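The values are calculated or read from the model by the stated rules, or taken from the named source; none is laboratory data. Computed from a predicted model, the values in this text were never measured in an experiment. Cβ atoms come from the backbone with ideal geometry, glycine included; neighbour counts cover every protein chain shown.
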Amino acid sequence: MNRADKQYCQSCGMPLRFDVEEYLGTNSDHSYSDEYCYYCLKDGGYTVDISMSEMVDIWVKYTDKYNWYSNTNYTPQELRTLLNKRLPTLKRWRQKEETESQHHKAVSRIKTYIDKNLFSDLDPEHLAVMANLSFFHFRKVFRNTTGENVGTYIQRLRLEYVTHLLIATNQSLNDIQQQTNYETKFSLAKAFKKHFGISMSGYRTKYQSVNTLEMPSNLPTPEIRRINNLNTICLDVNGAFRNAHTYQAIWGQLKCYKEKYLLKTTNNHFISISQDNPQITSPDLRRLYIGFITDQCVMPEGKFTLQEISGGMYAVFTHQGSYSQLPELYKTIHEQWLPHSRYIQKHPLSFEVYLNTPDEVTEEELITEVYIPIDKK
């Protein structure tokens, strides 16, 4: 990249003033930078550690100073639009995005490995080697990505799986202890009470579903289907569903990705996947993904990951209408249909397939299939 191409600071997006050297940032050897302005770089280091959106907010707040420096006349909204388009193309944010993407993929691989080997010996130092990161860096990246230390994350998933067995099956406490590979039932009981503040038997008594002798008259009737493995391309939602703007932005990324890489076929429906039982895991910690089903050879890029859904027997509930009614359907499934059916929920995972979208039909015409993995009691 020659000087003529470096017309903007590669951090804040402001035009570089090569005519006034004092307006340029400085490198580690104190020479003037030909990539960064003096607001952003001093002695080879960034002057502030902020996100790209925070950088945009700063300049929008000081629009008058930007206009004076760059001899422009933008309104705050015009400047925000301009910088939102420009900054993702700049060196600082491209490098940060690439690093975050690599870290995201590494943590995603480790989370998948943990899911498949939950009750095996999961040594954090070995997980760091698998992620191709130093142990110190791995712990930091894992916590930044998931919000939890790796050891805390593993212990929580183990105990929540135990809790799922408590309320979704009639297995004895001894059977659960043996199935989940705890050293003794006493070590499991101690860990459980420390986490939930109640004994395992007390939890089962308190939270297990309704009396099965009282059969409700208006239960939904699912179709029992056996499905093959499904491949999906997904984005990790984390807590984004709590912010409507952020959540819509994720769906926008997903739609663009699908349009760019997939042929338009009838089986590329959008999908959302929950890896946790909503009766047990708090919303802030739930592992949620949104994506699309694909039978094409598409390799995920950036923060997109490949998520495989295991085949098997599922109870499929068809819901027509607003998505806002889905939580009530799940409540009915867990508290009424499952206890009165001939089935148990095999594991905490569930997923939704969207047969149409709000872009295609009215809210009343939306059709969603809810899949619950089951086994016979």
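Observations
- Out of THR332, THR362, sole residue that is free of Cβ contacts under 8 Å to residues at least 24 places away in the same chain and over 15 Å from SER272 (Cβ atoms): THR362
Yes/no per residue for (1) out of contact with any Pro (no Cβ under 9 Å at 6 or more places or on another chain); (2) more than 15 Å from PRO220 (Cα to Cα); (3) assigned by TED's automatic domain parsing to the domain that holds LEU254:
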site	(1), (2), (3)
LYS331	no, no, yes
GLN345	no, yes, yes
GLU365	yes, yes, yes
ILE372	no, no, yes
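- Of the set (1) assigned by TED's automatic domain parsing to the domain that holds ARG139; (2) at pLDDT 90 or above; (3) under 22 Å from TYR46 (Cβ atoms), all apply to VAL107 but (3).
Yes/no per residue for (1) in a helix (DSSP H, G or I); (2) closer than 30 Å to LEU159 by Cα; (3) at pLDDT below 90:
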residue	(1), (2), (3)
HIS245	yes, no, yes
TRP251	yes, no, yes
TYR257	yes, no, yes
LYS264	no, no, yes
THR281	no, yes, no
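- Positions within the range 265-289 being touching a helix residue (DSSP H, G or I) at 6+ places or on another chain (Cβ under 6 Å) and buried (at least 18 other Cβ atoms within 10 Å of the Cβ), in sequence order: ASN277, ILE280, THR281
- Considering the conditions (1) buried (at least 17 other Cβ atoms within 10 Å of the Cβ); (2) assigned to a loop (DSSP other than H, G, I, E, B), VAL361 is excluded by exactly one of them, (1).
The rows are residues; the columns are (1) at pLDDT below 95; (2) not charged (D, E, K, R).
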| site | (1), (2) |
| --- | --- |
| LEU285 | yes, yes |
| GLY312 | no, yes |
| GLU328 | yes, no |
| GLU352 | no, no |
| ASP359 | yes, no |
| PRO373 | no, yes |
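- Candidates SER101, SER33: the one that is among the small types (Gly, Ala, Ser) and surrounded by 15 or more Cβ atoms within 10 Å (Cβ to Cβ) is SER33.
Here's the yes/no breakdown for (1) at pLDDT 95 or above; (2) in contact with a Ser or Thr (Cβ under 6 Å, 6 or more places away or on another chain); (3) surrounded by 15 or more Cβ atoms within 10 Å (Cβ to Cβ); (4) closer than 15 Å to SER108 by Cβ:
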{"residue": "ALA131", "(1), (2), (3), (4)": "no, no, yes, yes"}
{"residue": "VAL141", "(1), (2), (3), (4)": "no, no, yes, yes"}
{"residue": "ASN144", "(1), (2), (3), (4)": "no, no, no, yes"}
{"residue": "TYR161", "(1), (2), (3), (4)": "no, no, yes, no"}
{"residue": "LEU166", "(1), (2), (3), (4)": "no, no, yes, no"}
{"residue": "ASN170", "(1), (2), (3), (4)": "no, no, no, no"}
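- Enumeration of residues in the range 140-181 that are of a type in the set (D, E, K, R) and within 23 Å of the chain's Cα centre (by Cα): LYS140, ARG143, GLU148, ARG156, ARG158, GLU160
- Members of the range 307-346 that are out of contact with any helix residue (DSSP H, G or I) (no Cβ under 9 Å at 6 or more places or on another chain) and among the hydrophobic types (A, V, I, L, M, F, W, C): ILE309, MET313, VAL316, LEU326, LEU329, ILE333, TRP337
- For the range 318-358, a residue qualifies if it is assigned to a strand (DSSP E or B) and more than 18 Å from LEU288 (Cα to Cα), and the qualifying residues are THR318, HIS319, GLN320, TYR343, ILE344, GLN345.
- 2 or more residues closer than 16 Å to GLN10 by Cα and under 26 Å from the mean Cα position of the chain (by Cα): qualifying helices (runs of 4 or more DSSP H) within the range 47-95: 52-61, 76-86
- Which listed residue, of LEU349, LEU338, LEU306, LEU355, is touching a residue at least 40 places away in the same chain (Cβ under 8 Å), closer than 23 Å to TYR247 by Cα and buried (at least 16 other Cβ atoms within 10 Å of the Cβ): LEU349
- Residues in the range 65-81 that are among the basic types (Lys, Arg) and free of Cβ contacts under 8 Å to residues at least 12 places away in the same chain: LYS65 alone.
- Condition met for LEU118 (at pLDDT 95 or above and under 21 Å from the mean Cα position of the chain (by Cα)): no
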